[in-house]
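Contents: one structure, followed by commentary.
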Amino acid sequence: MIEPGLTSFAAIILAGGQATRLGGADKASIEMRGRTLLEHTLDAVIDASEVVVVGQSVPTDRPVTFVVEDPQYGGPVAGLLTGRDVLLRQFPTLAVLAVDMPFLTASTLRRMQDAAVGHDGAVLADPEGRRQLAFIVASDALDRVRPDRESAHGHALWPMLDQLDLVVVEALAREHRDIDTWTDLRDLADD
């Protein structure tokens, strides 16, 4: 359960997918408005004490740990757990974000952290109520539901997280928007 008050947290940025709808492009390196998607995401986790990026190493201005999920292309659960396991310290709370959501901000995460108090965490939802790959989770709660290494490969994220008490936080403005196609990139860059 997440406690009230400011606590240190770690961020795990999931950037290791195959991006098939983008022709296999590395999402972390794609630029939008002169900055990479990874740079936008690192801005959102500016308050994190430690950041792990699950994906190929790319240049950043901020110290982060890069790791490839085990097994590679094992999906978001494998990426999340690989990122969790390489943290240098234990943190009571984890922020987990997809690298392709450039409108997430530090304020978004603070709002989610506040909403998560008294729960296992919080998840961002779009205006239609669909959960996004942006959530806050108590480390001990995640550890309770994590599958073993073999089961993590290809394991669906939401059935695992459905075992937890995650409060839904409605996205404001474009916070929920992600980039899955080149058309998404063009449309969001033009907004």
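Details
- Taking the charge dipole of the chain about its Cα centre, with +1 at Lys and Arg Cβ atoms and -1 at Asp and Glu Cβ atoms, the residue from ILE179, PRO59, THR93 reaching farthest to the positive side is PRO59.
- Residues in region 59-82 that a label on ARG35 would reach, taking backbone N under 13 Å of a point 7 Å out along Cα→Cβ: 61-62
- With protein chains left intact and a 1.4 Å probe, residues in region 72-116 average 35 Å² of accessible area per residue.
- Beta bridges per DSSP with both ends in the chain, % antiparallel, nearest 5: 35
- Whole-percent carbon and sulfur share, accessible surface of region 66-191, 1.4 Å: 50
- Computed across the chain, the Kirkwood radius stands at 16.5 Å (inverse of mean 1/r, all Cα pairs).
- Lys, Arg +1 and Asp, Glu -1 on Cβ, resulting dipole of region 26-99 about Cα centre, debye, nearest 20: 80
- Our estimate of slack between ARG62 and ARG174, defined as 0.36 nm per intervening residue step minus the Cα-Cα distance, is 37.8 nm.
- Lys/Arg +1, Asp/Glu -1 at C-beta; region 79-161 dipole; positive extreme among PRO102, GLY79, PRO127: PRO102
The values are calculated or read from the model by the stated rules, or taken from the named source; none is laboratory data. Note that this is a predicted model, so its numbers are computed, not measured. Heads up, the Cβs are rebuilt from the backbone with ideal geometry, glycines too, and the neighbour counts pull from every protein chain shown. Note: areas computed on protein heavy atoms with side chains; ligands, DNA, RNA excluded. Shrake-Rupley method; radii C 1.70, N 1.55, O 1.52, S 1.80 Å.
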